[in-house]
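> One structure, pasted below without further comment.
The values are calculated or read from the model by the stated rules, or taken from the named source; none is laboratory data. Because the structure is a prediction, the values reported are computed rather than measured. As a convention, Cβ positions derive from the backbone with ideal geometry for all residues, glycine included, and neighbour counts pool all protein chains shown. The accessibility values were calculated without ligands, DNA or RNA, using every heavy atom of the protein model including side chains. Shrake-Rupley method; radii C 1.70, N 1.55, O 1.52, S 1.80 Å.
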Amino acid sequence: MTKIVNHWIGGKPVEAAAGASGNYGPVTDPATGAVTTKVAFATVDEVDAAVAAAKDAYATWGTSSLAKRTTILFKFRALLDANRDAIAELITAEHGKVHSDALGEVARGLEIVDLACGITVQLKGELSTEVASRVDVSSIRQPLGVVAGITPFNFPAMVPMWMFPIAIATGNTFVLKPSEKDPSASLKIAELLAEAGLPDGVFNVVNGDKVAVDRLLEHPDVKAISFVGSTPIARYIHTTAAANHKRVQALGGAKNHMLVLPDADLDAAADAAVSAAYGSAGERCMAISAVVAVGSIGDELVEKIRERAEKIKIGPGNDPTSEMGPLITKVHRDKVASYVTGAAAEGAEVVLDGSGYTVEGFEDGHWIGISLLDKVPTTAKAYQDEIFGPVLCVLRVDTYDEGVALINASPFGNGTAIFTRDGGAARRFQLEIEAGMVGVNVPIPVPVGYHSFGGWKDSLFGDHHIYGNDGTHFYTRGKVVTTRWPDPADAPTGVDLGFPRNH
């Protein structure tokens, strides 16, 4: 019997209003290609019901004590930790990533829950006394109200947890629209939040497609939108939500480069390139998809990458021996393969071609092997586009300056890395490179939870990065209060406060 994933509204699962009319989408097991689940697609009325539940809950949650909010979040954290394997299994079943990758995703989400549990420190205001005679000025931060998150398929547990823990810790209520390709992790999280004691309506989930997204973008009671996904959709989210007077943080796509200088430890650089390019089948916005080799090291570096890449074991995500799983859908798999099959005609040298890879016994799965392209021209589609698959491009440059210029010419500016033993070169790079996150001998520089995540240029639309201090500021509004109180000694005649009279 096919599993059905419904919405979560007002603290309980809610069946799709369309019922048997077919307002559902298919969810496949990427390893087999079989449809295992049907997910409800929300109508406008169902989105409105979720927003209404969140608005009703905000009336009390927004004024609840910080102690109450953090107590619930501590309980949720314990439940999340206890259920990490169950959540990882849901991720593997619908996304396809290997179990260890899925566990890592849950662990990174836990990091933001930890941050939210200690939100009291970040919400402290400021006070200046005696700015004028008997005048004090204080600043405070208050929640926005109902906020929404629209999240991608590649991290169905982690990215929502980059958003809602901070949002609800700061006093907001939340409506999540997860990817319709792998929705089950979000519903499991909703169940755990309810078990932790979160009041009904504080956290809601509406599944669906563009109908649900557009209604959230235009709904007058939704005060802010958080989004992670491709650049074209991020641009649309930002433009549409801003036109509807909402605060927006929209994180887009990437083409992350790794600059390798001639003095680098090439074994370490090759190890890093392989893990960063092919981990999670390349379906992550912080994947290294372009290695820029400086000087004469290119041939040796490519050979070291090839040797390591060929050893990666590809198979079902629930097989403990698998190191890389399938891609999320057949359509995406075919698109990724097209960049490899067309690379030679665009001037690249195909070192490894994984476009025809299959796994015995799972021939209908969305499989693709490891691909490595060398001497890729910047005009090639494989370099210009965000492929979002296990395809690594290697580009050759003669100098450090040429490499930096190449990277800075990219319209994306999410993350980048440099591999070198020279501290002076690394220092120059971190100042000169035009990207929001920089790694020095670290291939995937995803910040820890108490720093913020976000790129530059076409990788971010809006003023705020996600989680960390930026997350707290995004989900709250600042207010400054100026007060003047008369001295009690000046109380009106007849009112005795026990102070000596000034006159």
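> Å³ per residue of the Cα convex hull, for the chain? Please report the intermediate quantities before stating the final value.
Working: hull volume 88.7 nm³, N = 503.
Expressed per residue, the convex hull around the Cα atoms of the chain is 176 Å³.
> As I understand it, the value is the acute angle between the Cα axis of helix 66-82 and the longest principal axis of the Cα atoms of the chain; what does it come to in degrees, rounded to 10?
Rounded to the nearest ten degrees, it is 30.
> Based on the alpha carbons, how large is the Rg to Rh ratio for the stretch 12-105 when Rh follows Kirkwood?
1.07
> Quick one: P(r) of the stretch 255-361 from all Cα-Cα pairs, 5 Å bins, percents rounded to integers, in order of increasing distance.
That works out to 2, 10, 19, 24, 22, 13, 7, 3, 0, 0, in percent per bin.
> Explain nothing, just compute: Karplus ³J(HN,Hα) = 6.51 cos²θ - 1.76 cosθ + 1.60, θ = phi - 60°, for every residue of the stretch 245-253 in order, whole Hz, x for Gly and Pro.
Result, ordered by residue: 6, 10, 6, 9, 10, 10, 8, x, x Hz.
> Ok, one more. Given H placed 1.01 Å from N in the peptide plane, which residues other than close sequence neighbours of Val14 have an amide H under 5 Å from its amide H?
Distant-sequence amide H within range of Val14: His7, Trp8, Ile9.
> Output the Kirkwood hydrodynamic radius of the stretch 382-461, Cα pairs only, in Å rounded to one decimal. Present the calculation step by step, with values, prior to reporting the outcome.
Values: mean 1/r = 0.0733 Å⁻¹.
Final number for the Kirkwood radius of the stretch 382-461 is 13.6 Å.
> Roughly how many Å² is the accessible area per residue of the chain, as a whole number, for a 1.4 Å probe?
Working: 20620 Å² over 503 residues.
Result: 41 Å² per residue.
> Taking only Cα atoms of the stretch 93-156, what ratio of Rg to Rh do you get with Rh as the Kirkwood inverse-distance radius?
Working: Rg = 20.4 Å, Rh = 16.0 Å.
With Rh from the inverse mean 1/r over Cα pairs, Rg/Rh is 1.27.
> Can you tell me the equivalent ellipsoid semi-axes for the stretch 198-335? Use √(5λ) from the Cα gyration tensor, largest first, whole Å.
Details: eigenvalues 307, 82, 33 Å².
Computed over the stretch 198-335, the values are 39, 20, 13 Å.
> Would you mind telling me the antiparallel percentage of the DSSP bridges in the stretch 108-196, rounded to 5? Walk me through the numbers before you get to the answer.
On the way: 4 of 9 bridges.
Of those bridges, close to 45 percent are antiparallel.
> Go through the stretch 303-320 residue by residue and turn each phi into a ³J(HN,Hα) via Karplus (6.51, -1.76, 1.60, θ = phi - 60°); whole Hz please, and just put x for glycine and proline.
5, 5, 5, 4, 4, 6, 5, 5, 8, 5, 8, 9, x, x, x, 8, 8, x
> Next question, about the same structure. Past the 26 Å Cα-Cα mark, which pairs from Lys124/Lys255; Lys188/Lys313; Lys210/Lys479; Lys97/Lys223; Lys97/Lys375; Lys97/Lys311? Don't skip to the answer; put the middle values down first.
On the way: Lys124/Lys255 38 Å; Lys188/Lys313 30 Å; Lys210/Lys479 35 Å; Lys97/Lys223 34 Å; Lys97/Lys375 29 Å; Lys97/Lys311 18 Å.
From Lys124/Lys255; Lys188/Lys313; Lys210/Lys479; Lys97/Lys223; Lys97/Lys375; Lys97/Lys311, over 26 Å: Lys124/Lys255; Lys188/Lys313; Lys210/Lys479; Lys97/Lys223; Lys97/Lys375.
> Could I ask something else about it? Farthest toward the dipole's positive end in the stretch 238-310, which of Ser280, His245, Ala268, given Cβ charges of +1 (Lys, Arg) and -1 (Asp, Glu) about the Cα centre?
Value: His245.
> Count neighbours as other Cβ atoms within 10 Å of each site's Cβ, and list the trypsin sites (Lys or Arg not before Pro) in the stretch 299-366 that are DSSP loop with at most 11 such neighbours. Walk me through the intermediate numbers first.
Values: sites: Lys304, Arg306, Arg308, Lys311, Lys313, Lys330, Arg333, Lys335; in loops: Lys311, Lys313.
The qualifying sites are Lys311, Lys313.
> Starting from the Cα gyration tensor of the stretch 98-233, multiply each eigenvalue by 5, take the square root, and state the resulting semi-axes largest first in whole Å.
Details: eigenvalues 206, 69, 39 Å².
So the three semi-axes of the stretch 98-233 are 32, 19, 14 Å.
> Quick one: if you take sqrt(5λ) for each eigenvalue of the C-alpha gyration tensor of the stretch 308-400, what semi-axes come out, biggest first, whole angstrom?
Values: eigenvalues 133, 41, 21 Å².
Here the semi-axes work out to 26, 14, 10 Å.
> Heavy atoms only, probe 1.4 Å: what % of the accessible area of the chain goes to carbon and sulfur, would you let me know?
On the way: 11040 of 20620 Å².
Its accessible area is 54 percent carbon and sulfur atoms.
> To continue, here is another question. Using only helices, what value at 222 nm comes out for the chain when you add -39,500 (n - 2.57) per DSSP H run of length 4 or more and divide by the total residues, to the nearest 500 deg cm²/dmol? Could the numbers behind the result be given before it?
Values: 16 runs with 183 residues, N = 503.
Roughly -11000 deg cm²/dmol at 222 nm, from the helical runs in the chain.
> Kindly write out, for the stretch 445-456 in residue order, the coupling ³J(HN,Hα) from the Karplus curve 6.51 cos²θ - 1.76 cosθ + 1.60 (θ = phi - 60°), rounded to whole Hz, with x marking Gly and Pro.
Going residue by residue, I get x, 6, x, 5, x, 8, 10, 9, 10, x, x, 10 Hz, with x marking Gly and Pro.
> Separate question: Dipole size in debye (nearest 20) for the chain around its Cα centre, Lys and Arg Cβ +1, Asp and Glu Cβ -1? Don't skip to the answer; put the middle values down first.
On the way: 44 positive and 60 negative charges, 299 e Å.
Dipole of the chain, to the nearest 20 debye: 1440 debye.
> Please list the non-local residues whose amide H lies under 5 Å from the amide H of Val98, H modeled 1.01 Å from N, same-chain partners needing a gap of 5 or more.
Those qualifying (amide H under 5 Å, at least 5 residues apart or on another chain) are Gly325.
> Only Cα pairs under 8 Å and at least 6 apart count here; give the relative contact order of the chain as a rounded whole percent. Could you put the intermediate results ahead of the total?
Values: 1170 pairs, mean separation 89.8, N = 503.
It comes to 18 percent, rounded to a whole number.
> Working from Cα positions, state the angle (0 to 90°, nearest 10) between the long axis of helix 266-278 and the longest principal axis of the chain.
With both axes taken from Cα atoms, the answer is about 70 degrees.
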